[in-house]
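Below is one structure, written out as C-alpha cells; the observations come after it.
The values are calculated or read from the model by the stated rules, or taken from the named source; none is laboratory data. None of these values were measured; they are calculated from a predicted model. Note: ideal-geometry Cβ built from the backbone for every residue, glycine included; neighbour counts use all protein chains shown.
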Amino acid sequence: MTTFTAVVAARAGDDAIGLRFEDRSWTWGEVVDEAERIAAAIATLPARPDRQRHVGVLLDNVPEYVFWMCGAALAGATLVGLNASRAGAELAGDLEHADIDLVITEPRLRHLLDGVEAPAGGIRVIGDPALDEWIDAAGPWTEVPVDPGDVALLLFSSGTTGTPKAVIVSQGRLGGLAVGMTDRVRLRRDSVTYLCMPLFHGNSVMMNLAPAMNVGAQVCLARRFSASGFARDVHRFGATYANYVGRALSYVLAQPADARDAASSLELVYGTEASESDIREFADRFGCEVMEGYGLSEGVFRITRTPDTPPGALGSAQGSFDVRVLDEDTGLECPRARFDEAGRLVDPAAIGQLVAIGGASAFEGYYRNPEASAQRVRGDDFWTGDLAYRDEAGWMYFAGRSSDWIRVDGENFAAAQVERILERMPQIRSAAVFAVPDPRTGDRVMAAVEVDAELAPIEIGRFLQAQPDLGAKWWPSYLQVVEALPLTGSGKVNKNPLRVTAWTVDGVHERVGRTGEYRELDAARRDELTAEFEAHGRSALVPSR
C-alpha cells in the first residue's frame, strides 16, 4: 500500500517546478530538501511512546504549509491542520484535544494564539530567525520507517454538539487518494493546479496537493480564496486544474468577466456543492469542464457524477460500495423519491441519512473522540451524518446536514456554537439554531429564539455585531422570535417542526446583506426565494408551510 511519505519521497531530486506562490517558485526537489530539514527538526521533539509526534500548523496557504506537511510525513509525524477562523479559547481547546507538541504559525496569524498556553515544543513563527536556527541545529535527516496505518493528518471539523472533532487520515488512505485521484481529476506531469481553498480542509489536500505531488504536476498557491483574484491567478499561472468547495464558483461568476476567460487554460475544475446553473455558467465562461463529486474527510466512499446523471443529483456511489438512504430513527431504507410537475419532492419521508452498508471498517475514526466515532457506526454500517434522497432510478440527491451540522460556503460548524452566543443576550431564554437550504447550494443559518420580554430582531442584530467570536458565516440569515420553542417529550428543544416550516411562516425576519439589520420577510419575498430555488434546480428543498 502506498503511503503519503512515499509520495513525498518520490519527488526527491525532481528538478521540475513543483510549487509557485506569488512571484516565487520551487522545484519539487527543493520542496523535498526543505521537508528533510524540517523532518530532522521534528525528530528532535520528545518521542511519544503512545502516539506519533503531533505538529500543529496555523498558516494560510503559503509554501511553508507544504514544507511542513511534507516534513511531518518524512519524520513519521502527524500534521494537525488548525483553522484560522478560530481563536483564543477555541484554538487552545484544539491544541489540547489533538495533543499538539509544536505549533507553527506566521506573523499575521500569531495574534490568534494570544493567551494560549504553548505546547512543550513551543509556538514558532515563520520568518523568526530562531525558527531557522532551531531547524539548522537539528543536523541531517535520517529516514524513518512509516506504516500505512500511521496517522498522516488530523483534520478538524466541528461536531454536532460544538465539540471539535479531529478526523484521522492515515498514511495509507492519503497515499491511496494521491494515486487514485490523479486519474480521477486527470492530472498529468504537465498539469498546473491552482490551489486556493484552505489547506486545513481535506478538499485541498486530497483533491489537489496530494495527487499533484504523485504525478509531479505544478501547484500554484493562493494565500486565500479571492473571488476577484481567481481569474487573474488562473491566467497568470496558466492553471489547467482547480478545486473548489461550496459557493466558490458563484462568487467568481459575480465578478466582471475577463476578456481572456473564454480561452482560459483551465481544463477541469473539481469540487462539491455548486448549483447546476453555476456549473453550466462557469463551464461556459472559462471553456472548461466542471466535475462534481461527494466525499467526506472521513473517507469510506465517494459519490460521483457520470454523463447520464440527472440535473441536481449527486450521482451514484463509486466502486462496489452499497450506499443507501436510511431513516435515522428506524434504520429502514427510505422510500424512493417522487417529484411533482414543478420538480418538488412529493413525500418528505424519502429524505434520510446517507449510509454505507458494511462500510464501518473503512472509517478511521475521530482522534480521542469515541462518542463522535460511535455516532458514525451502527453495527457494520457507516452513517455519514448527511441527508439525502434517492430516486426510482437510484440517483442520489443531497438534502442537507443531519442533526445540528450546518455548512455554509464550504465551512462546517455546529449549531451549538451559534446558540451559545445568542444565549448570552440577557433577554434570550433559549435559542434554536438550525440549517435551512440555500437556494443555490449548501445551507443558510436560521435561528428561533425564545425571549423573556419583547425583543425586536434589530436589537438581536446589534448584539451579534458586538460579539467578537461570531464567525462571519455563522450569522443567522433568518431570525424568528417566538414565545416558546417546541419541545420533545423529554423536555428537549425540538427543532424538527422549525426546520419543516423554516422561513415560510409569518414573523420571520431576513438579514439585510451583511449588516446587523433584519427586515420582515413578507409574502412577496417568500415568493422570490421560492423562485430562486426553482431557478437553481432545488425546488424539492423549498420548505413547506
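Going through (1) under 30 Å from the mean Cα position of the chain (by Cα); (2) surrounded by fewer than 17 Cβ atoms within 10 Å (Cβ to Cβ) one by one, residue 16 falls short only on (1). Return yes when residue 315 is buried (at least 21 other Cβ atoms within 10 Å of the Cβ), closer than 20 Å to residue 186 by Cβ and not hydroxyl-bearing (Ser, Thr, Tyr) and no when it is not. Criteria not met by residue 315.
Of the residues making up region 257-294, those that are out of contact with any Ser or Thr (no Cβ under 7 Å at 6 or more places or on another chain) and either acidic (Asp, Glu) or in the same structural domain as residue 186 (by TED's automatic domain parsing) (or both) are 258, 261, 276, 281, 284, 289. The set of residues in region 332-370 being at pLDDT 85 or above, farther than 30 Å from residue 51 by Cα and in contact with a Lys or Arg (Cβ under 7 Å, 6 or more places away or on another chain) consists of 333, 336, 337, 350, 355, 357. Output yes when any residue across region 307-330 is of a type in the set (Asp, Glu), touching a residue at least 24 places away in the same chain (Cβ under 8 Å) and assigned to a loop (DSSP other than H, G, I, E, B), and no when none is. Yes, region 307-330 contains at least one residue that is of a type in the set (Asp, Glu), touching a residue at least 24 places away in the same chain (Cβ under 8 Å) and assigned to a loop (DSSP other than H, G, I, E, B). Which count do you get for residues in region 111-138 that are in contact (Cβ under 8 Å) with a residue 24 or more places away in the chain, part of a loop (DSSP other than H, G, I, E, B) and surrounded by 13 or more Cβ atoms within 10 Å (Cβ to Cβ)? Total satisfying the criteria: 5. In region 12-23, the residues that are on the phi > 0 side of the Ramachandran plot form Cβ pairs under 7 Å with partners that are surrounded by fewer than 17 Cβ atoms within 10 Å (Cβ to Cβ) and not hydroxyl-bearing (Ser, Thr, Tyr), at six or more places apart or across chains, as follows: 13/29. Only one entry in 214, 243 is of a type outside the set (A, V, I, L, M) and touching a strand residue (DSSP E or B) at 6+ places or on another chain (Cβ under 8 Å), namely 243. Any residue at all in region 269-276 that's outside any strand (DSSP E or B), crowded, with 20+ Cβ neighbours inside 10 Å and of a type in the set (Ser, Thr, Tyr)? There is at least one residue in region 269-276 that is outside any strand (DSSP E or B), crowded, with 20+ Cβ neighbours inside 10 Å and of a type in the set (Ser, Thr, Tyr). Residues that are outside any loop (DSSP other than H, G, I, E, B) and acidic (Asp, Glu) were ranked within region 222-262; the one that is nearest to residue 187 (Cα to Cα) is 233.
One line per residue, one yes/no per condition, for (1) crowded, with 19+ Cβ neighbours inside 10 Å; (2) more than 30 Å from residue 153 (Cα to Cα); (3) under 21 Å from the mean Cα position of the chain (by Cα); (4) touching a residue at least 24 places away in the same chain (Cβ under 8 Å):
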| residue | (1), (2), (3), (4) |
| --- | --- |
| 284 | no, yes, no, no |
| 292 | yes, no, yes, no |
| 353 | yes, no, yes, yes |
| 363 | yes, no, yes, yes |
| 376 | yes, no, yes, yes |
| 379 | no, no, no, no |
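Does residue 186 meet the test of being of a type outside the set (S, T, N, Q), part of a loop (DSSP other than H, G, I, E, B) and out of contact with any helix residue (DSSP H, G or I) (no Cβ under 8 Å at 6 or more places or on another chain)?
When the stated conditions are applied, residue 186 passes them.
Going by what's in this entry, would residue 283 be described as closer than 25 Å to residue 217 by Cα and in contact with a Gly (Cβ under 8 Å, 6 or more places away or on another chain)? No, not satisfied. Of all residues in region 181-203, those being among the small types (Gly, Ala, Ser) and modelled with pLDDT of 95 or more number 1.
Where helices (runs of 4 or more DSSP H) fall wholly inside region 20-98, the ranges with 2 or more residues that are in contact with a Lys or Arg (Cβ under 9 Å, 6 or more places away or on another chain) and farther than 19 Å from residue 135 by Cβ are 89-97. Among the residues of region 225-266, those identified as within 18 Å of the chain's Cα centre (by Cα) and at pLDDT below 95 are 225, 226, 227, 244, 245, 246, 247, 248, 249, 250, 251.
When residue 238 is tested against (1) of a type in the set (Gly, Ala, Ser); (2) surrounded by fewer than 22 Cβ atoms within 10 Å (Cβ to Cβ); (3) closer than 25 Å to residue 157 by Cβ, just one condition goes unmet, and that condition is (3).
Sub-6 Å Cβ pairs linking a first residue in region 394-407 that is over 16 Å from residue 432 (Cβ atoms) to a second residue that is at pLDDT below 80 and assigned to a strand (DSSP E or B), at least 6 apart or interchain, are 407/401, ordered by first then second residue.
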